[in-house]
Each structure stands twice: as structure tokens, then as C-alpha cells.
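Structure first, commentary second.
Please treat every number below as a calculation from the coordinates, not as lab data. Keep in mind the model is a prediction, meaning the values are calculated, not measured. With ideal geometry, Cβ positions are generated from the backbone for all residues, glycine too; neighbour counts draw on all protein chains shown.
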Amino acid sequence: MNYRHAFHAGNFADILKHVVLSLCFEHLKKKPQAFRYIDSHSGIGVYDLSGDEAQRSPEWRDGIARLVAQTTIPKGPKSVLRPYLDAVKSLNKGAELSHYPGSPGLAAAMMRDIDRAHLCELHEADAKTLDARFAKDARIKVEKRDGYKALPKILPPREKRGVVLVDPPFEHRDEMAHMAEAAIKAFEAWPTGTFIFWRPLKDLWAQERFDVGFAEWLIAEKQVLPEKVLRADLWVRDLESEGRLAGAGVFIVNPPYTLEDDLVTLLPWLSELLAQGEGAGWRVDGGFTEESLTTEEF
Ligand SMILES: C[S@@+](CC[C@H](N)C(=O)[O-])C[C@H]1O[C@@H](n2cnc3c(N)ncnc32)[C@H](O)[C@@H]1O
């Protein structure tokens, strides 16, 4: 386990993932009933941008730093970004950007007193840091535990509504296959939950196989309506280009009904703002085609 999210916190991929998560929380908060947030791969919760890792990495400067430097954001993107940017601001009291909320930090900033979070992190030191951060927060339970193995055991939660984030580090070549296996078990345990699966646009064959295979399984085998399956991706330069990760996104099951429109409003503007070269772009779709739903390949 060599992956350290502190080198990547606040990059373009975090922005898309965390905006989607913030919109899920915002939607859940429209009803008075409590919700549960489950994070299978939590990281350390909040990232110090003046820390050694962030200072050695330029990623957040091309991500969240560009976004918060915008003095005027067009009306549509501004309203979609509001819950996310409010959470970022709540960690940065002064004008300067010093801290970035990871998914647990975002959850803690957006949850109400009645809502609960269950966070899993397998890395020894990171799990300790995460536990220490939320030790006094009665809403949040932290476990040093394999998130994949935990999901079928901790789902469904007592609350009827909620969101699960599966955000592995993709250090190993077979991570996509592990995630697919976990995705199926987790959905079977809680078919009404909202699920967000993060995946890099790196091995495009494996990512497409995850998206199309999972979408088809949900629709054909589990009678999930096609509009309950959504994916959103952002790439900051040509996906074929060398160097750092060029693109990433999320595959969502049971999204809030407003999420697709929100992302279509946001992503054209965001992809231009975060572009790092030729060929930047975005997409929002169901991760399947009419044709793929009728083939027997998957
Ligand atoms: C991409 S980071 C998570 C970032 C976090 N979700 C966020 O958005 O701020 C992935 C994390 O998963 C942890 N990890 C790796 N394998 C794991 C496993 N099987 N179960 C739980 N955590 C794991 C890593 O130590 C790392 O902190």
C-alpha cells in the first residue's frame, strides 16, 4: 500500500468526485429523515495543502486552486458548485487556500446532527490519522478495515437512505475487477442506496468493461431503470497523452434525479477551466448503449 492521497488531494479528479458527492448529500438533506454515508476507501479526511506531499505535488494547483481563484463563475456552474465550495471554504477561514476536504471531510462538513458516517481505511497510519480527526465527532465511526470486505457486511445501514463511495487507489492491475466484484455484492445488499464508484480513465478497456458490464447487469438482471445508471467523466488533456493521469470520473447508481442536468450544466465550463493541454473534454451518459444492452457479450 504505497498510494498516498495527499499527493493528489484537490486535483481535477477529486473535484469531479467531490462535487458529485456534495450533490448527493444536498439531495439527501432535502428530506428530514437521517441518511448514512459509507466510505470504503476513506484516506485521511482532510489534507493540509502546506504539507510536504501537497507542496511536492503540483496537482492541487491545477485543480482546486484554479477553481477558488475564479472571481466570477457563471450562474449555472456556480449554483451546482455551491455546496462543494461552501464545504471547501468552511475549512479555509482566511482568504488563503490551506486545506482541502477529502471525502470524509466533505461529509463531516455537510452532514446534519442526525446523519451518520461509517469510514473504512486500511492503511495503518492513515486510519489512525482519520480516527484522530473524527474522535470527538459522535456522528462518525472510523474502522481500520478492508473496505471491499466490509461493504456486504455493513450494508444495508439502519437508515433507509444514503450514499456509498467506493474510491480505491488503483495501485494494482486487477483493481477494476475487484471493484466490479465488490460493486455487485454491495448493490445486492442495498439495492436502494446511492453508489458512487470512482475510476481512472487510464486502462480504457478495463474501465469500459466495468461501466458497460455493470450497467448491463443492473438493467438486465436487476431491473434497474436505465435513468438510474449514470457516469460522468472529465479529462484535462488527450487521454492518449503521456505523463500524469489525464482523465477520471465516476459511475453512479441511483443518482439524485437532478444530477445529470447539474453535471451537464457544470462540466463544459469546468473542463475548460481545468484543461492542461489539447484534447480536454467531458461526458455524461449512462455507460451503455442501446446496442450493448441487446448483446450477450458481457
Ligand atoms: C483514493 S484514496 C481515497 C480518497 C478519499 N476517498 C477522498 O476522496 O478523499 C484511497 C485510499 O484507500 C486506502 N486503501 C487501499 N486499499 C484499501 C482497502 N482494501 N480498504 C480500505 N482502504 C484501502 C488507501 O490507503 C487510500 O487512503
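Quick look at the values:
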{"read-out": "Sites Glu124 and Gln55 - FRET efficiency at Förster radius 35 Å, r taken between beta-carbons, to 0.05", "value": "0.90"}
{"read-out": "Label-zone membership for region 211-245, site Glu188, 7 angstrom Cα→C-beta point, backbone N under 14 Å", "value": "217-218, 221-222"}
{"read-out": "Cleavage-rule hits, GluC sites (Glu not before Pro), region 153-198, DSSP coil, Cβ neighbours within 10 Å at most 15", "value": "Glu171"}
{"read-out": "Net charge of Cβ neighbours under 13 Å - reference Gly277; Lys, Arg +1; Asp, Glu -1", "value": "-4"}
{"read-out": "Nearby aspartates and glutamates by direct alpha-carbon distance to Lys228 (threshold 14 angstrom, same-chain neighbours under 8 apart not counted)", "value": "Asp211, Glu216, Glu260, Asp261, Asp285"}
{"read-out": "Along principal axes, Cα extents of region 5-294, largest first, whole Å", "value": "51, 47, 38"}
{"read-out": "Residues whose placed amide H lies under 5 Å from that of Arg161, excluding near-sequence neighbours", "value": "Arg36"}
{"read-out": "Backbone N under 15 Å from the Lys222 label point (7 Å along Cα→Cβ), restricted to region 180-209", "value": "180-198"}
{"read-out": "Under-5 Å amide H pairs with Asp203, H placed in peptide plane, nonlocal only", "value": "none"}
{"read-out": "Count, lysine Cα pairs under 24 Å in region 126-196, 8 or more residues apart or across chains", "value": "16"}
{"read-out": "Per DSSP, loop chymotrypsin sites (Phe, Trp or Tyr not before Pro) in region 224-264 with at most 15 further Cβ within 10 Å", "value": "Tyr257"}
{"read-out": "Peptides ranked, highest mean first, by Cβ atoms within 10 Å: ranges 5-14, 148-157", "value": "5-14, 148-157"}
{"read-out": "Listed peptides 160-167, 39-46, 264-271, 71-78 by packing density, highest first (mean Cβ within 10 Å)", "value": "39-46, 160-167, 264-271, 71-78"}
